[in-house]
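Shown next, in structure tokens, is the structure this report addresses.
Derivation of every value follows stated rules applied to the coordinates shown; laboratory data play no part. What you are looking at is a predicted structure, and each value in this text was computed from that prediction instead of being measured. All Cβ positions, glycine included, derive from the backbone under ideal geometry; neighbour counts span all protein chains shown.
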Amino acid sequence: MKGRIYTTQKCFVCQGALNYVEGRGHLSCVTHPDHQWKGACVVRFGRNHTKRFKSVLEAERHLIYLRVQTDLGKFDPREWAKDQPLSFLALRLKFIEYKKSTNITLKQVKDIERVLIRAGQTWDRMQIRDIAEAEIEDFLFQDHGVSSKTIANWKTALHNFFAWVVRREKKKSNLQMPSFPVTSFKMKMKAVVSIEDQQKIITEVKKISWNHNPRIWLAIKLLALYPRVRPGELINVKEGHINLVDLYIVFPQPKEREPKYIHLLKEVAEEIRESQRLYPAMPTMYFFRHLKRRNGLKVGTQFGPVYLNKWWKQACVNLGFSDVTLYPGTKHSTVTALGKIMSPEQIQHNVTGHASEAFKRYFLPDYQEKILATKQISDMQKKIASDNVFKITVKKNK
């Protein structure tokens with residue numbers, strides 16, 4: 001049988017080698033079998049696996065386990081290596097390095113890393129093959145104090161991680177992709193505003209931010225005018241991405257991973273051109289950047305991820321609007337208003353460029369048809385009511 005147990009200890013009588021006796025839990029001398037050794041020893045299994053134990057009994061259990069794993073086709077000497085290359089800890093660290101080399105943002109990498117660190121609190125010392133459906137389900141469905149949407153995002157991150165591991169190790173370790181449990185969630189509707197109120201807020205933003213940085217107002221105006229652009233994509237625009245000759249802005253790396261464009265109205269192009277004239281810069285500089293040094297902000301640095309929302313919320317407070325943040329106040333509010341004058345197909349093709357779940361939540365489907373149908377019901381009810389008019393006679397007291 002493959003594998004043996006060895007020791008450097010010698011026979012107390014003849015100083016001969018001690019040999020492992022299968023299934024007896026000890027080593028003994030061939031010449032003096034009564035002299036047995038049950039202490040420190042080493043298991044050697046093939047050329048690539050060696051492990052020390054304090055007792056022969058522990059070593060014997062380990063040897064039996066290795067033989068069973070070999071019979072099942074699951075033995076991999078790397079699982080017993082000192083650096084544990086097939087542990088969850090080692091693989092999650094490699095996965096993060098791999099993700100950094102792909103075309104995703106640093107924020108997305110950090111989000112994935114946080115999920116794996118959370119899972120690693122339980123799994124870091126486990127071999128990857130020992131993490132199966134039960135362990136994944138227990139992790140996802142325990143109370144983490146987060147929303148169902150967050151749990152669904154965690155599931156996606158873990159699924160991507162295991163898919164990457166299986167692709168790497170399928171031939172070497174015969175690793176199989178574990179099944180993932182079904183997780184469901186429903187996004188809440190965020191507060192939107194009418195176009196009239198939206199423009200009041202944007203005007204207020206201009207009023208309170210113009211002397212500080214006119215590009216704050218310009219950025220928020222563009223978000224309301226071009227719903228296909230996300231705030232994170234807009235602040236990543238560089239001077240060289242803006243073409244004022246052919247009137248467009250290109251977004252090289254949006255969330256959809258394919259470059260996308262917005263076509264500028266002439267008046268918008270003139271506003272951008274005037275801003276570039278007042279604040280000239282190299283093509284590699286961010287267009288939406290800090291133009292003055294104030295409150296620790298360095299001139300030339302890019303707007304932060306919450307910077308525009310900060311000014312939007314201040315304008316809302318000044319005007320008495322509550323619970324309306326930048327994203328739904330611009331993008332979603334515009335799409336909702338467009339539902340009154342455009343069809344879903346027109347909006348998807350010409351405005352948003354796609355039909356996301358958010359689009360389905362905020363778009364008012366078939367607005368004109370629904371209004372027409374309701375008006376017909378109302379007219380029908382009024383006609384029937386007029387046919388059934390009767391007089392109420394009020395008796396006067398004599």
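General remarks:
- Taking LYS155, LYS10 and counting other C-beta atoms within 10 Å, the order from fewest to most: LYS10, LYS155
- Using θ = phi - 60° in the Karplus curve 6.51 cos²θ - 1.76 cosθ + 1.60, the 3J(HN,Hα) couplings for segment 326-336 round to 4, 4, x, x, 9, 4, 5, 5, 5, 5, 4 Hz; x is entered for Gly and Pro.
- Over all other residues within a Cβ to Cβ distance under 12 Å of GLN199, the charged ones net out to 0, with Lys and Arg as +1 and Asp and Glu as -1.
- Using the alpha carbons alone, the radius of gyration of segment 4-75 stands to its Kirkwood radius in an Rg to Rh ratio of 1.02.
- Dividing the mean sequence gap of close Cα pairs (under 8 Å, 6+ apart) by how many residues segment 4-75 holds gives a relative contact order of 25 percent.
- Cross-link pairs beyond the 31 Å C-alpha cut-off, checked among LYS149/LYS292; LYS110/LYS266; LYS155/LYS260; LYS266/LYS292; LYS99/LYS313: LYS149/LYS292; LYS110/LYS266; LYS99/LYS313
- Ranked THR336, THR203, THR8, criterion: other C-beta atoms within 10 Å, fewest first: THR8, THR203, THR336
- Evaluating 6.51 cos²θ - 1.76 cosθ + 1.60 at θ = phi - 60° for every residue in segment 57-74, the Karplus couplings come out as 4, 5, 5, 5, 4, 5, 5, 4, 4, 5, 5, 5, 4, 5, 4, 7, x, 10 Hz, glycine and proline recorded as x.
- For segment 54-133, the relative contact order works out to 30 percent when only alpha carbon pairs closer than 8 Å and six or more residues apart are counted.
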